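Since the structure comes first, as structure tokens, the remarks are kept for the end.
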């Protein structure tokens with residue numbers, strides 16, 4: 001019976017096919033933007049020793065991924081809006097597998113930074129295009145839930161990578177290079193799934209005109225004229241910068257203050273693990289409150305508090321912060337995506353382009369914040385966390401000016 005249910009879901013014309021599309025979209029995000037990206041922070045200690053890299057160099061390498069996002073965010077959205085989700089994700093999955101493996105061939109700072117940039121092109125594209133897919137296949141009643149499930153799978157991929165890459169896979173496979181080869185394989189498999197079993201929705205399967213394909217120039221000019229997309233981009237700039245800096249530095253910071261390798265690597269795993277439990281409840285709370293803005297604001301404030309308190313609490317305090325903040329900030333990625341799609345004049349038609357533009361703005365912060373923050377480590381181990389705390393709270397300023405739309409969302413525009 002279970003096999004019949006699965007086969008029925010995979011049927012391209014079946015009534016449950018949209019859930020299968022969501023499943024393979026989740027697989028792509030879990031391994032490309034999740035495991036393939038988040039295996040790096042816990043491997044940085046080993047990589048820095050093998051390639052003789054200092055903290056600022058590591059911060060720069062970590063920032064190359066979002067640097068690629070600055071350049072690819074808007075084009076990725078335009079491509080998805082113009083050529084469709086399936087064709088875009090097939091290319092993204094196969095390319096992520098190739099360039100994910102290329103990182104493992106790095107011999108110095110230049111080659112590692114360059115391969116991280118190339119991988120970042122496709123890891124950033126994957127997240128943007130999958131968000132577009134949820135808008136195409138799900139109506140306003142289910143889009144928040146669909147995005148929440150995508151983020152759950154991203155978290156599970158990230159958790160698996162941070163929990164196993166340095167402590168299990170590296171010793172078992174022979175080093176950090178082999179770990180990167182290992183995480184490339186699921187990306188290739190995701191590409192095969194999209195190639196042979198995926199498709200774009202027909203007009204009758206989507207919410208109104210969300211699948212309307214528009215020319216590049218029309219989409220770009222339209223989206224660039226929507227003020228709220230830029231405002232949300234500024235929120236992303238500060239929030240992504242603080243998050244990216246913290247993620248890349250946390251394991252190194254905890255090891256430097258005396259934590260064991262296993263405990264330090266487990267910290268981010270706990271933050272993401274608790275976050276996985278919190279994503280759907282926080283999304284449901286936003287539906288109940290009829291406010292995405294309130295949940296996003298809560299996420300920003302609590303994350304800021306965690307960064308500010310990190311240098312001043314003991315190990316028990318750090319674990320408590322990770323658990324509480326991990327849950328309360330869990331809805332942030334979903335809220336950002338849904339707020340963009342719910343913006344007047346965007347909807348599903350221009351959603352990919354709008355996500356791309358706001359992501360490009362946000363990736364400026366994600367690129368600059370890690371190396372700048374890491375440079376403060378010369379003063380004290382906790383100084384980078386304080387820098388990112390200040391950056392994080394700055395996200396509240398543009399958030400104040402955002403407007404919400406709680407009904408009749410994702411209409412044709």
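The values are calculated or read from the model by the stated rules, or taken from the named source; none is laboratory data. Please read all numbers here as calculations on a predicted model, not as lab measurements. We place every Cβ from the backbone using ideal geometry, glycine too, and count neighbours over all the protein chains shown.
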### Query
Can we say residue 313 is free of Cβ contacts under 8 Å to residues at least 60 places away in the same chain and surrounded by 23 or more Cβ atoms within 10 Å (Cβ to Cβ)?
no
### Query
Is there a residue being under 28 Å from residue 387 (Cβ atoms), modelled with pLDDT under 85 and surrounded by 15 or more Cβ atoms within 10 Å (Cβ to Cβ) anywhere in the stretch 253-263?
yes
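Does residue 208 count as on the phi > 0 side of the Ramachandran plot and either modelled with pLDDT under 90 or in contact with a helix residue (DSSP H, G or I) (Cβ under 9 Å, 6 or more places away or on another chain) (or both)? Talk me through it step by step, then tell me what you get.
Working: on the phi > 0 side of the Ramachandran plot: yes; either modelled with pLDDT under 90 or in contact with a helix residue (DSSP H, G or I) (Cβ under 9 Å, 6 or more places away or on another chain) (or both): yes.
Yes; evaluated as a whole, the condition is true for this residue.
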### Task
Can you tell me which residue among 101, 116 is in a helix (DSSP H, G or I), at pLDDT 90 or above and closer than 22 Å to residue 361 by Cα?
116
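Please find, among 360, 334, the residue that is surrounded by 21 or more Cβ atoms within 10 Å (Cβ to Cβ), under 24 Å from residue 279 (Cβ atoms) and either touching a helix residue (DSSP H, G or I) at 6+ places or on another chain (Cβ under 8 Å) or in contact (Cβ under 8 Å) with a residue 60 or more places away in the chain (or both). Walk me through how you get there before you give the answer.
On the way: 360 fails: under 24 Å from residue 279 (Cβ atoms).
Answer to the selection: 334.
Does the stretch 378-391 contain any residue that is closer than 25 Å to residue 258 by Cβ, in a helix (DSSP H, G or I), at pLDDT below 90 and more than 17 Å from the chain's Cα centre (by Cα)? Break it down stepwise before answering.
First pass over the stretch 378-391, keeping only residues closer than 25 Å to residue 258 by Cβ: 378-389.
Filter once more, so that each one left must be in a helix (DSSP H, G or I): 378, 383-389.
Narrowing further to those that are at pLDDT below 90: 378.
From what is left, the residues that are more than 17 Å from the chain's Cα centre (by Cα) are 378.
Yes, the stretch 378-391 contains a residue that is closer than 25 Å to residue 258 by Cβ, in a helix (DSSP H, G or I), at pLDDT below 90 and more than 17 Å from the chain's Cα centre (by Cα).
Each row is one residue, and each column tells you yes or no for (1) over 19 Å from the mean Cα position of the chain (by Cα); (2) farther than 23 Å from residue 142 by Cα; (3) part of a helix (DSSP H, G or I); (4) in contact (Cβ under 8 Å) with a residue 40 or more places away in the chain.
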| residue | (1), (2), (3), (4) |
| --- | --- |
| 243 | no, yes, yes, yes |
| 297 | no, no, yes, yes |
| 320 | yes, yes, yes, no |
| 339 | no, no, yes, yes |
### Lone qualifier among 89, 102, 55 - being farther than 20 Å from residue 197 by Cβ and touching a residue at least 24 places away in the same chain (Cβ under 8 Å)
55
